[in-house]
1. Would you call residue 210 of a type in the set (Ser, Thr, Tyr) and surrounded by fewer than 20 Cβ atoms within 10 Å (Cβ to Cβ)?
2. Does any residue of segment 182-191 turn out to be modelled with pLDDT under 95, within 16 Å of ligand 1 (Cβ to nearest atom), open to solvent by 20 Å² or more (accessible area, probe 1.4 Å) and not aliphatic (A, V, I, L, M)?
3. Hey, can you tell me all the residues within segment 161-214 that are among the acidic types (Asp, Glu), part of a helix (DSSP H, G or I) and within 11 Å of ligand 2 (Cβ to nearest atom)?
4. Considering only segment 109-124, I want to know if a residue exists there that is near ligand 1 (Cβ under 9 Å from one of its atoms), over 19 Å from residue 235 (Cβ atoms), assigned to a helix (DSSP H, G or I) and aliphatic (A, V, I, L, M).
5. Under 8 Å between Cβ atoms, at least 6 apart or on separate chains: pull out the pairs that start in segment 241-253 with a residue that is farther than 15 Å from residue 176 by Cα and end on any residue that is surrounded by fewer than 19 Cβ atoms within 10 Å (Cβ to Cβ) and of a type in the set (Ser, Thr, Tyr).
6. Residue under question is residue 17, and the condition is that it be within 7 Å of ligand 1 (Cβ to nearest atom), open to solvent by less than 50 Å² (accessible area, probe 1.4 Å) and within 21 Å of the chain's Cα centre (by Cα); does it hold?
7. Contact list please: Cβ distance under 7 Å, first residue in segment 289-315 and over 18 Å from residue 122 (Cβ atoms), second residue open to solvent by less than 30 Å² (accessible area, probe 1.4 Å) and aromatic (Phe, Trp, Tyr), pairs at least six apart or on different chains.
Amino acid sequence: MTTRIRPSSKRCAVIGGSGFLGRHLVERLVEKGYSVAVFDIAQRYEVPGVVFHQGDLCDKQALLKVFKDVSLVFHCASPSPACDDRNLFWKVNVEGTRTVIQACQEARVQKLVLTSSASVVFEGIDIKNGKEDLPYAKRPIDYYTETKIQQEKVVLEACSKEKDFLTVAIRPHGIFGPRDPQLVPILVDTARKGKMKFIIGDGTNLVDFTYVENVVHGHILAAEHLKPDSPLCGKAYHITNDEPIRFWDFMSQVLVGLGYEAPRYHLPYTLVYGIAMLLWLITFLLRPLVNIKPTFTPMRVALAGTHHYYSCSRAKQDMGYQPVVRLQEAIARTVASYPHLKRGG
Ligand SMILES: NC(=O)C1=CN([C@@H]2O[C@H](COP(=O)(O)OP(=O)(O)OC[C@H]3O[C@@H](n4cnc5c(N)ncnc54)[C@H](OP(=O)(O)O)[C@@H]3O)[C@@H](O)[C@H]2O)C=CC1
Ligand SMILES: CC(C)=CCC[C@@H](C)[C@H]1CC[C@H]2C3=C(CC[C@]12C)[C@@]1(C)CCC(=O)C[C@@H]1CC3
């Protein structure tokens, strides 16, 4: 009989470790003394002591090689929401995540921490201080959200104390910070095209924007508190900055910080949402001929024009979560990290 010696609880793998969140997570884990392996479709940086494995998470054999001496896996890989490719989302987020679970179980990994999304409950209708017991969106607005729902279900259902395999899902919202390839770059690109003049709706809608270091902190706390007798097993946790802000105030602060004008003129929400739906339909019909990616998608308009902020009291209670960087400091650090996106820069 062969006895398998348990790998140290500080040996972990980060799937998606080359991405925005993944890289911040890797850097923090290294600072905290973890031994880290990165698994990603691309390698984009180097960190002393971190081993990179390039591969597709749909490939179980490739995962098994990485998981050999690992007790903890963070799964924060996903195709970008902007690609709007339904087949790719299903293949990676749903089928690929099933493969990750199988590989974890075969390699006797003990813990899996999934990066889910608070948007799994968002249908384009106001959410104020939403708790984790809200039902999943019955009519998700886009393919990305549809597959993030299935992904979270698959991971949470796999949690089994009998199999010595514990899972937890972290649901961040509106992650921002240095090196984010989405939020600030999209905003600046829109401003440079002269399209950031308008506020959708009355501009009072409150939203969570979460600094990346707080999201990382939530992931590591979850991993460290995930034990057979803890309440975290098989549960989802909102991780936010716990400081909801008006969507348009946040946008304006970032824009003004980078030297652009804040939006001023109001447009009715339903009108813009209707136009975004029409645009989406046209681009969908034209897709066999030409692949256009509109700036104004129904999901983006819904995010810009409704309330969507979430309670993280469950994370506070079960894992002692508190944001480590406050919102104003986070915005200042983020603005300072994009000198190349400054007006005239
Ligand atoms: N950013 C946000 O505001 C939010 C993000 N999330 C979730 O957080 C996670 C991380 O997001 P974020 O850091 O912003 O995203 P990124 O796109 O920056 O990072 C994801 C990484 O996963 C890689 N990847 C994609 N497909 C595969 C694959 N098949 N096999 C291996 N690696 C793959 C990507 O490579 P490539 O770039 O080449 O595709 C990328 O390096 C995602 O699960 C996302 O759904 C949740 C809520 C909010
Ligand atoms: C809170 C949250 C979940 C944010 C997610 C990040 C992105 C979805 C946003 C970052 C920049 C935003 C943005 C718009 C929509 C939402 C974002 C892409 C607009 C396209 C909304 C319509 C406009 O008037 C222009 C905006 C540019 C920036």
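The values are calculated or read from the model by the stated rules, or taken from the named source; none is laboratory data. From a predicted model like this one, the values you see are computed outputs, not experimental measurements. Cβ atoms come from the backbone with ideal geometry, glycine included; neighbour counts cover every protein chain shown. What goes into the accessible areas is simple: the full protein's heavy atoms, side chains included, and nothing from ligands, DNA or RNA. Shrake-Rupley method; radii C 1.70, N 1.55, O 1.52, S 1.80 Å.
1. no
2. yes
3. 189
4. Scanning segment 109-124, I find no residue that is near ligand 1 (Cβ under 9 Å from one of its atoms), over 19 Å from residue 235 (Cβ atoms), assigned to a helix (DSSP H, G or I) and aliphatic (A, V, I, L, M), so the answer is no.
5. These pairs meet every condition: 246/204.
6. Values: within 7 Å of ligand 1 (Cβ to nearest atom): no; open to solvent by less than 50 Å² (accessible area, probe 1.4 Å): yes; within 21 Å of the chain's Cα centre (by Cα): yes.
Spelling it out, it is not the case that residue 17 is within 7 Å of ligand 1 (Cβ to nearest atom), open to solvent by less than 50 Å² (accessible area, probe 1.4 Å) and within 21 Å of the chain's Cα centre (by Cα).
7. Taking only residues 6 or more apart or on different chains, the pairs are 315/237; 315/321.
Table: residues versus (1) touching a Ser or Thr at 6+ places or on another chain (Cβ under 7 Å); (2) under 15 Å from residue 111 (Cβ atoms).
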{"residue": "13", "(1), (2)": "no, yes"}
{"residue": "23", "(1), (2)": "no, no"}
{"residue": "28", "(1), (2)": "no, no"}
{"residue": "34", "(1), (2)": "no, yes"}
{"residue": "38", "(1), (2)": "yes, no"}
{"residue": "47", "(1), (2)": "no, no"}
{"residue": "53", "(1), (2)": "no, no"}
{"residue": "58", "(1), (2)": "yes, no"}
